[in-house]
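One structure is given here, and the rest of the page talks about it.
Just so you know, all these numbers are worked out from the coordinates, no wet-lab data involved. Here the structure is a predicted model, which means the values were calculated and not measured. Don't worry about glycine lacking a Cβ; one is built from the backbone with ideal geometry, like all the others, and counts go over all protein chains shown.
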Amino acid sequence: MKTLLLTTSLLLTASVAHSAELVLGDAAKGKQLHNRDCVACHDSSVYTRPNRIKSLSGLEKRVQMCSGMLNKGYTEDDQANIVKFLNDTYYKF
Ligand code: HEC
């Protein structure tokens, strides 16, 4: 019985270690901004294409770049919320 418990807790620890990256932000707010502003140049198909961005830091950089092009004065929080929304919905890093 002791062995079984130990095995179970090891498995639990391992699954926590492999869970998705922690991304802070408010996905609902990010979604609002995204759906208002970000679909001007591309639709959401770019987030699911085969050669899409492969890392969370890449996604953060891209959102920063696209926000810059938009030039609507997005704050860091706005960008974090959009990253959270895109990650929760499409990328799942
Ligand atoms: C001025 C035009 C423009 C606007 C506005 C724009 N983007 Fe982009 N975005 C691009 C272009 C161009 C690409 C690259 C498309 C390509 O490589 O085919 C791109 C690509 C992306 C990608 C990469 C997709 C992938 O995985 O390959 C993300 C993420 C992204 N944009 C997010 C956003 C977000 C979030 C916003 C709103 C803040 C936004 N974009 C607004 C032009 C724009």
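At a glance:
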{"quantity": "First in region 47-67 and within 18 Å of ASP37 (Cβ to Cβ), second anywhere and part of a loop (DSSP other than H, G, I, E, B), Cβ under 8 Å, 6 or more apart", "calculated": "LEU59/ILE53; LEU59/PHE93; ARG62/ILE53; CYS66/CYS41; SER67/TYR74"}
{"quantity": "Helices (runs of 4 or more DSSP H) completely within region 15-93 that count 3 or more residues being near the ligand (Cβ under 10 Å from one of its atoms) and out of contact with any Phe, Trp or Tyr (no Cβ under 7 Å at 6 or more places or on another chain)", "calculated": "56-70, 76-86"}
